[in-house]
1. Heavy atoms only, probe 1.4 Å: what % of the accessible area of the chain goes to carbon and sulfur, would you let me know?
2. Explain nothing, just compute: Karplus ³J(HN,Hα) = 6.51 cos²θ - 1.76 cosθ + 1.60, θ = phi - 60°, for every residue of segment 177-194 in order, whole Hz, x for Gly and Pro.
3. Counting only the heavy atoms of the protein chains, how much of residue 74 is accessible to a 1.4 Å probe, in Å² to the nearest 10?
4. Please compute the modelled spin-label separation between residue 108 and residue 194, points set 7 Å along Cα→Cβ, answer in nm with one decimal.
5. What is the projected area of the convex hull of the Cα atoms of the chain, averaged over all directions, in nm²?
6. Quick one: grab the alpha carbon gyration tensor of segment 81-134, order the square roots of its eigenvalues as a ≥ b ≥ c, and give me rounded if a/c is under 1.5, else prolate or oblate depending on whether a/b is larger than b/c.
7. Label-point separation (nm) for residue 52 and residue 118, each offset 7 Å from Cα along Cα-to-Cβ?
8. Taking R0 as 35 Å, what FRET efficiency do you get between residue 67 and residue 101 from their Cβ-Cβ distance, rounded to the nearest 0.05?
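The values are calculated or read from the model by the stated rules, or taken from the named source; none is laboratory data. Everything quoted here is computed from the prediction, not taken from an experiment. Please note: Cβ atoms are built from the backbone with ideal geometry, for glycine as well, and neighbour counts cover all protein chains shown. These accessible areas exclude ligands, DNA and RNA; they are computed on the full protein's heavy atoms, side chains included. Shrake-Rupley method; radii C 1.70, N 1.55, O 1.52, S 1.80 Å.
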Amino acid sequence: METLRDILDAAARGVFPPADGGTTVVPQHSARDAGVLCFTAHSVVFTDEDPRWVRETLAALDCDALAATMNPLFLAAFMERTGRACETVDALLVGPPLPGEPALALKEIEDAEHPRVRYARRRRDDVRVWSVDGGMLAMGRGVGGRLEVSVEVDPVDAVDADARRRGLGRALVTAARQIAGEPLWAQIAPGNARSMRAFQAAGYVPVGSEALLLAR
């Protein structure tokens, strides 16, 4: 049976589910993560709930079938059914690994109690976090066991006011591709235009959208 990881690995290679308007239901990769992935004209619901419930709930919605899995009514029913919470619907991007060494002077944070490390470990496994003057880079295993990246750039009034204009965000996510050694995934709120531009400028490409449901 095709797994969530199979689907993600194929998407990282540019091979997507058929654009047939259908919905694929697969088991969760872990107890932590359930949710919905939307590719072009095809959705993937990853859950340990009864697939029949998923299909019946989607069929009962009065909306475009292509939009049903991201419809607020379905997501609300999904959360109520599972007792989970969903913060937002993210754009999903992926970047292939890059050769070479990062240009930034990254320093890995070894302190397991560091606030950024603790936060990352609530959402990912095998977390590693690096700091650099003006920002931080975190990587870890998330949805389906894929390798995920997130970055933070300090507010401009807290460090050198030119940090953002120097393209620190872009440099951080480029460095992440050099460290990763495998496809690297990013979940970004669509309204975060600055972050979207930084990731795309660093070679990450949009592949779909994602609603991640986390245990409360």
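1. Values: 5570 of 10930 Å².
On the chain, the fraction of accessible area on carbon and sulfur atoms equals 51 percent.
2. After applying 6.51 cos²θ - 1.76 cosθ + 1.60, I find 5, 6, 7, 4, x, 7, x, 10, 9, 9, 10, 9, 4, x, x, 7, 4, 4 Hz.
3. The value for residue 74 is about 0 Å².
4. 2.9 nm
5. Its average projected convex-hull area is 12.5 nm².
6. Numbers: a/c = 2.64, a/b = 1.44, b/c = 1.84.
Taking the square roots of the gyration eigenvalues as a ≥ b ≥ c, segment 81-134 is oblate.
7. 4.5 nm
8. Values: r = 44 Å, r/R0 = 1.25.
The value I calculate is 0.20.
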